[in-house]
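Shown next, in structure tokens, is the structure this report addresses.
The values are calculated or read from the model by the stated rules, or taken from the named source; none is laboratory data. Computed from a prediction, not measured in an experiment: that's the story for all the values here. Reconstructed Cβ throughout: ideal geometry from the backbone, glycine too, with neighbour counts over all protein chains shown. Side chains included, ligands, DNA and RNA excluded: accessible areas come from the protein's heavy atoms. Shrake-Rupley method; radii C 1.70, N 1.55, O 1.52, S 1.80 Å.
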Amino acid sequence: MTGLDIAVTGLGLVTPGGVGVEAGWAAVCAGRSTAAHDPTLAGHEVSISCRVPDFDADALLGARRAVRLDRFAQLALVAAREAVADEERTTWDAARVGVVIGTSSGGGETFERQHGLLLADGPTGVSPLLLPMHLPNMVAGQIAMEFGFHGPNLVVATACASGATAIGVACDLLAARRCDVVLAGGVDALLNPLTMAGFARMGALSRRTDPATASRPFDADRDGFVAAEGAAVLVLRRAEDARADGRPVRARIVGYGATADAHHITKPDPEGRGVIAAVRAALADAGAAPGDVGHVNAHGTSTQLNDLVEGRVLAGLLPSGPLVTSTKGVTGHMLGAAGAAEAVFTVLAVEQGIVPPTANLDTLDPELDIDVATTAVPLGVELALSNSFGFGGQNAVLAIARA
Amino acid sequence: MYETLKNILVSTLKVAPEQITPDATKDDLELDSIAFVELSMELGKEHDLHISDDELFDMETVADIVALMEERAGTDR
């Protein structure tokens, strides 16, 4: 046992369930899909998405600040503010506070709009803000500028595992004592037409025409994911420090497993070898046995292959039959934000003793022998896993324990 | 020209209108070099006033910028 013991002391969330942890958790526990027809995708092969409702960047951030931020950075900054507001910062040494954010590709909306201006007006039509708004690293930089944090400042990209990878990297920074506090999380706002056309062309998205039933993880009739936007940020500290400062600990991250399938650009390894190794690594970190796991917030994208491989791995690896859920039935797939948002949902599940439901699970895939929650279930959980997997075969698993 | 400049500062650069006075400096308005590139682009594209960002950046106050805009408009005619 390596003794990883990282306290979660602050949470911030911006999801299709709404702005704020309370709104996001309420939406997930209600188990109703947030997917809707998306007017910006009219004429596309797939025109449904899960957008953050009522996100007024000017009101939340100030117009002067918001106009220089791509939507992905706007979402992340609002989530970071909520997470930091949840904490008492008087004991923080700014030089020892790090920021690690995961994102799959940064400011896609800005990149697409500016490319349009290049084609229309030539090079001088391109905004000088293209790079400050588009570059993926800018989101961590903006958060550091917001609060004056001078510690390590990183952005990681492991596609749809990015948010979970960022949390894992943050735990490593804390365990290595390179930082005393880290803001860690994930963000993506890639519902722009170009990115969505790319997802549709590769066959990743659900083709269902009724948005409310399109995202259906582990269901026999699933046919792809529903793309979503969102951001999540957690305040992380070594548990010993949080206790010494008398800070309330909401849950602890006690294990992290990171592996690569090294198999295919989009398909998971059919045997799930990378996922198995990641789960085992997270459990070894936690000094826990497979039978100790009471709940799994699955990656559960609602694609044929992911859910099949992940479900088989969970059934084979965890004999205790933990209660599995995929919150993507409600939120859609928040891409680089998903792993961080689902870590927040897992923290809340162990903190509050409630496993949220998987929306739209009418008939469990008969190939799978797992116990999936279809309603919010009151359940005391000592140890939970949050799984995240990305295109390119990158896997990140977090083990989260009750405080 | 003052109103033209004020409108650009408010609508494109999101400067608070009450901050904008003839005597306000670029520091008062927190206008950095990137803001002057945006201003130059907007003047050229929307108002056919071709002034480089470097020329604009050399101005100290809003009144100075307005004077340069008026001078350039007169030259172009």
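Run A:D245 past the list (1) closer than 26 Å to A:T303 by Cα; (2) at pLDDT below 95; (3) surrounded by fewer than 24 Cβ atoms within 10 Å (Cβ to Cβ) and report the number of the one that doesn't hold.
So A:D245 meets the others, but not (1).
Has segment B:57-73 got at least one residue that is among the charged types (D, E, K, R) and in contact (Cβ under 8 Å) with a residue 60 or more places away in the chain?
Looking for residues that are among the charged types (D, E, K, R) and in contact (Cβ under 8 Å) with a residue 60 or more places away in the chain, one finds at least one in segment B:57-73, hence yes.
If you go through segment A:63-72, how many residues are open to solvent by 30 Å² or more (accessible area, probe 1.4 Å) and either in contact with a Ser or Thr (Cβ under 7 Å, 6 or more places away or on another chain) or without any contact (Cβ under 8 Å) to a residue 40 or more places away in the chain (or both)?
4
With segment A:97-189 as the region, which strands (runs of 3 or more DSSP E) entirely inside it contain at least 2 residues that are at pLDDT 95 or above and open to solvent by 10 Å² or more (accessible area, probe 1.4 Å)?
Here the list reads A:153-156.
Mind listing whichever residues of segment A:341-362 are of a type outside the set (A, V, I, L, M, F, W, C) and more than 14 Å from the chain's Cα centre (by Cα)?
The answer is A:E351, A:Q352, A:G353, A:P356, A:P357, A:T358, A:N360, A:D362.
With the requirement that a residue be facing chain B (nearest Cβ under 10 Å) and without any contact (Cβ under 8 Å) to a residue 40 or more places away in the chain, what does segment A:118-130 give you?
A:D121, A:T124, A:G125, A:V126, A:S127, A:P128
Being open to solvent by 30 Å² or more (accessible area, probe 1.4 Å), at pLDDT below 95 and either in a loop (DSSP other than H, G, I, E, B) or within 14 Å of chain B (Cβ to nearest Cβ) (or both) is the requirement here; does A:D54 meet it?
Considered against the rule, which asks whether it is open to solvent by 30 Å² or more (accessible area, probe 1.4 Å), at pLDDT below 95 and either in a loop (DSSP other than H, G, I, E, B) or within 14 Å of chain B (Cβ to nearest Cβ) (or both), A:D54 comes out as yes.
Scan segment A:259-269 for residues that are open to solvent by less than 60 Å² (accessible area, probe 1.4 Å) and closer than 19 Å to A:A164 by Cα and report the count.
4
Does B:A35 satisfy being facing another protein chain (nearest Cβ under 10 Å), surrounded by 14 or more Cβ atoms within 10 Å (Cβ to Cβ) and in contact (Cβ under 8 Å) with a residue 12 or more places away in the chain?
yes
Take segment A:331-347 and flag every residue that is touching a Pro at 6+ places or on another chain (Cβ under 8 Å), part of a helix (DSSP H, G or I) and either open to solvent by 10 Å² or more (accessible area, probe 1.4 Å) or not hydroxyl-bearing (S, T, Y) (or both).
A:F345
Is it true that A:Q74 is at pLDDT 95 or above, within 22 Å of A:G186 (Cβ to Cβ) and within 14 Å of chain B (Cβ to nearest Cβ)?
So A:Q74 fits the description; yes.
Let me confirm something: among A:A42, A:A7, A:A35, which residue is open to solvent by 60 Å² or more (accessible area, probe 1.4 Å), among the hydrophobic types (A, V, I, L, M, F, W, C) and more than 14 Å from chain B (Cβ to nearest Cβ)?
A:A42
Residues checked against (1) without any contact (Cβ under 8 Å) to a residue 24 or more places away in the chain; (2) under 30 Å from A:G257 (Cβ atoms); (3) of a type in the set (D, E):
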position: A:L4; (1), (2), (3): no, yes, no
position: A:G12; (1), (2), (3): no, yes, no
position: A:V21; (1), (2), (3): no, yes, no
position: A:V28; (1), (2), (3): no, yes, no
position: A:A42; (1), (2), (3): yes, no, no
position: A:P53; (1), (2), (3): no, no, no
position: A:R81; (1), (2), (3): no, no, no
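Take segment A:287-327 and flag every residue that is open to solvent by less than 30 Å² (accessible area, probe 1.4 Å) and either in a helix (DSSP H, G or I) or touching a His at 6+ places or on another chain (Cβ under 6 Å) (or both).
Within segment A:287-327, A:T301, A:N306, A:D307, A:V309, A:E310, A:G311, A:V313, A:L314, A:L317, A:P322, A:L323 meet the criteria.
Within segment A:270-286, how many residues are in contact with a helix residue (DSSP H, G or I) (Cβ under 7 Å, 6 or more places away or on another chain) and either crowded, with 16+ Cβ neighbours inside 10 Å or without any contact (Cβ under 8 Å) to a residue 12 or more places away in the chain (or both)?
Number of matching residues: 5.
When you go through (1) more than 16 Å from the chain's Cα centre (by Cα); (2) open to solvent by 10 Å² or more (accessible area, probe 1.4 Å); (3) within 30 Å of A:D369 (Cα to Cα); (4) in contact (Cβ under 8 Å) with a residue 40 or more places away in the chain one by one for A:A214, which number turns out not to apply?
(2)
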